[in-house]
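In what follows, a structure is listed as structure tokens, so that the remarks can point back to it.
The values are calculated or read from the model by the stated rules, or taken from the named source; none is laboratory data. Note that this is a predicted model, so its numbers are computed, not measured. All Cβ positions, even for glycine, are placed from backbone atoms using ideal geometry, and neighbour counts span all protein chains on display.
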Amino acid sequence: MPDSAIRSGGGTGKLVVVDPYSSGSALARRAKELYGLDSIAVLTSQTLPAALVASYPAEDFVAELRYADVLTTARAVEALCGGRPDHLICGSEPGVEAYDLLAAHWGMRPNTGSSEARRDKFLMQGRLRDAGIRYIPHHLAEDTESAVAWCAASGLAEYVVKPVKSFATDGVFFCSSPDEVRAACEKLFGRDDLAGELITRVLVQERIVGPEFVVDSVSLDGSAFVVNMFRYTKETVDGNPVYRAMSSVDVGEHPGIVAYVEQVLAALGIENGPAHSELILTEDGPVLIETGARMHGGLGPRLVEESSSHSVIDLTLASRVASDEFERLTRVRPSLRRGVVECFLSAPEGGVVAANRVRESCRELDSYLFDTCEQAPGDRIAKTTDLITSYGRVVLAHADPEVLERDLAHVLDLDRRGALIEVVPGA
């Protein structure tokens, strides 16, 4: 957690945060606490989901700008700062490409190579293939027939279909036949993705089976430091992957994953700042699902601070604000102080909340830390089909893994039985 005093190497100055949504909402306040910096928000989209927009803490920023193009935006920022800003950071996935353009324009430790390959999952897998790194067989489809034809000719048993710039499991479908691929494509083409962009291309790839991990890292000048790992538990709802739990894992237990992620970051040109990588551990070794050139979204960074020796927020800031501080912090290998689990709550159907019993049902558990479920009777919730439509989280933390396993099973059992929240369907 942050120190009360301003750290050495900091002082008054301006930090620009591009799209400070989700976990990126913590950056401005922490930068003020640690380094005495005032922050300016650059917002790139006016079509983001309401839940994401609501995470933006406007009160933490001294100014706010809408992104136009790199030159116009740079001039507007410079007018506020009296010149080039002191520091620049990416707050969330929608801002990756605008951030890259601004970093290159100002020469502020930019990442290298194609910025688009850090957002476009088709280009991302191609970068891995070209670098000789384990990747997932894939196909770019600009229409339904192209996707179906590739699947029919591939000889694969199962497929994944998703928008090329998907995040938060938006528009991700698991399919076991070309007909299911056709149905998935018909649901995707022509609609907007989570960032408000029209879907005109989808990625079709082999569905890889194995335990799924998330790896959070922060880099400085091409040297990557893996901060933490989690393991996901997911279920499939109407062909969509739905998160059920995310459990902390000791980084030291998986040196092969660490080495693979370092290769991935190098292939994608992520040389500075945070990265959030999701991968599957197969019998042949780890293989990447996708990497985001930004921090772990949602509660991820807070969970790291509740369990780990390091803070992904502090390291992210240090990589952009105080390189000496980054080097000092990364001399110590990451370790778990205690285990932590994020339980994702799932509504089998949408409707109006009649009763919310999450807190009263979970707060007496030995490992209960907090929950995010504030729904009141009369509020509406949607059927859970992805990460965004999960109706809340219960977070558990404990030094004893058996306690965590027991309490996680209890929470998920209550959720599956509908004991945590009562919903009047379709009301």
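Residue 325 is checked against (1) part of a helix (DSSP H, G or I); (2) at positive phi and fails just one. What number does that condition carry? Condition not satisfied by residue 325: (2). Can you give me the number of residues within segment 270-288 that are outside any loop (DSSP other than H, G, I, E, B) and within 11 Å of residue 217 (Cα to Cα)? Residues meeting the conditions: 5.
Among the residues of segment 56-81, those that are of a type in the set (Asp, Glu) and outside any strand (DSSP E or B) comprise 59, 60, 69, 78. Hey, could you check segment 272-288 for residues that are more than 12 Å from the chain's Cα centre (by Cα) and crowded, with 20+ Cβ neighbours inside 10 Å and say which is farthest from residue 113 (Cα to Cα)? The residue in question is 286. Just one of the listed residues (291, 316) is buried (at least 18 other Cβ atoms within 10 Å of the Cβ), at pLDDT 95 or above and in a helix (DSSP H, G or I), namely 316.
Screening segment 319-355 for residues that are over 30 Å from residue 405 (Cα atoms) and in contact with a strand residue (DSSP E or B) (Cβ under 7 Å, 6 or more places away or on another chain) and picking the one that is surrounded by the most Cβ atoms within 10 Å (Cβ to Cβ) gives 320. Selection over segment 380-405 of residues that are among the small types (Gly, Ala, Ser) and either surrounded by fewer than 16 Cβ atoms within 10 Å (Cβ to Cβ) or assigned to a loop (DSSP other than H, G, I, E, B) (or both) gives a count of 3. May I ask you to list the residues in segment 87-99 that are in contact (Cβ under 8 Å) with a residue 60 or more places away in the chain and either not in a helix (DSSP H, G or I) or not aromatic (Phe, Trp, Tyr) (or both)? Those that are in contact (Cβ under 8 Å) with a residue 60 or more places away in the chain and either not in a helix (DSSP H, G or I) or not aromatic (Phe, Trp, Tyr) (or both): 87, 88, 89, 90, 91, 92, 93, 94, 95, 96, 98. Residue count for segment 76-94 under the criterion of being crowded, with 20+ Cβ neighbours inside 10 Å and more than 17 Å from residue 29 (Cα to Cα): the result is 4. Annotation note: of 202, 209, the sole residue that is among the hydrophobic types (A, V, I, L, M, F, W, C), under 29 Å from residue 299 (Cα atoms) and surrounded by fewer than 15 Cβ atoms within 10 Å (Cβ to Cβ) is 209. Condition check for residue 171 on (1) in contact with a Cys (Cβ under 6 Å, 6 or more places away or on another chain); (2) part of a loop (DSSP other than H, G, I, E, B): one failure, at (1).
Residue by residue, here is whether (1) of a type in the set (Phe, Trp, Tyr); (2) modelled with pLDDT of 95 or more; (3) assigned to a strand (DSSP E or B) holds:
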residue: 216; (1), (2), (3): no, yes, yes
residue: 230; (1), (2), (3): yes, yes, yes
residue: 243; (1), (2), (3): yes, no, yes
residue: 246; (1), (2), (3): no, yes, yes
residue: 298; (1), (2), (3): no, no, no
residue: 301; (1), (2), (3): no, yes, no
residue: 304; (1), (2), (3): no, yes, no
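Of all the residues in segment 122-158, those that are in a helix (DSSP H, G or I) and of a type in the set (Phe, Trp, Tyr) number 2.
Scanning segment 106-121 for residues that are charged (D, E, K, R) and assigned to a loop (DSSP other than H, G, I, E, B) turns up 109, 119, 120.
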